[in-house]
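Read through the structure below, which is laid out as structure tokens, and then see the notes.
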Amino acid sequence: MKKLMYKAIASIILISLSGCGITNYLNNYNFHTTQGQNLSKKIVDSIKPGMSKAKVIEILGKPIKKSLHKNRFEYIEYRIDKTKAYIKNRLIVKFKNDFVFEIIKLDD
């Protein structure tokens with residue numbers, strides 16, 4: 001009998017709160033976050049031809065994407081919104097003899 005009373009009270013409370021617009025607040029919350037490496041212009045511009053792989057890793061961190069090429073690092077910064085995830089920036093750093101020789105910036 002007590003369980004039935006608790007269920008009835010809980011149902012009344014939930015029905016009352018749904019009329020207050022609390023469910024609209026939860027549904028309209030816009031969740032967004034940025035994931036991956038921080039590929040800000042300042043950080044990306046600090047990578048220069050001639051830098052060693054170790055220095056690039058020190059500045060940008062380990063590459064997030066495994067590349068099929070051992071002389072190429074790929075970095076991705078992406079954004080997650082309420083409904084989808086999309087790539088914000090991409091950076092490819094190519095090495096020759098373990099030193100940077102090409103930097104490719106792909107802004108989406």
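Summary of computed values
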{"read-out": "Residue among ILE22, ILE87, ILE9, ILE80 that alone is surrounded by fewer than 13 Cβ atoms within 10 Å (Cβ to Cβ), at pLDDT below 75 and either out of contact with any Phe, Trp or Tyr (no Cβ under 6 Å at 6 or more places or on another chain) or assigned by TED's automatic domain parsing to the domain that holds GLU102 (or both)", "value": "ILE22"}
{"read-out": "Subset of the stretch 45-55 [part of a helix (DSSP H, G or I) and either of a type in the set (Gly, Ala, Ser) or within 20 Å of the chain's Cα centre (by Cα) (or both)]", "value": "ALA54"}
{"read-out": "Cβ-Cβ under 8 Å pairs, at least 6 apart or on other chains, the stretch 84-102 side more than 17 Å from LYS70 (Cβ to Cβ), far side at pLDDT below 75 and in a loop (DSSP other than H, G, I, E, B)", "value": "TYR86/ASP108; ILE87/ASP108; LYS88/ASP108; ASN89/ASP108; ARG90/ASP108; LEU91/GLN37"}
{"read-out": "Extreme residue, modelled with the lowest pLDDT, among residues of the stretch 45-77 that are of a type in the set (A, V, I, L, M), in contact with a Phe, Trp or Tyr (Cβ under 9 Å, 6 or more places away or on another chain) and within 18 Å of LEU106 (Cα to Cα)", "value": "ILE64"}
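The values are calculated or read from the model by the stated rules, or taken from the named source; none is laboratory data. For clarity, every value in this text was computed on a predicted model and none was experimentally measured. Here the Cβ is made from the backbone with ideal geometry for all residues, glycine too, and neighbour counts use every protein chain on show.
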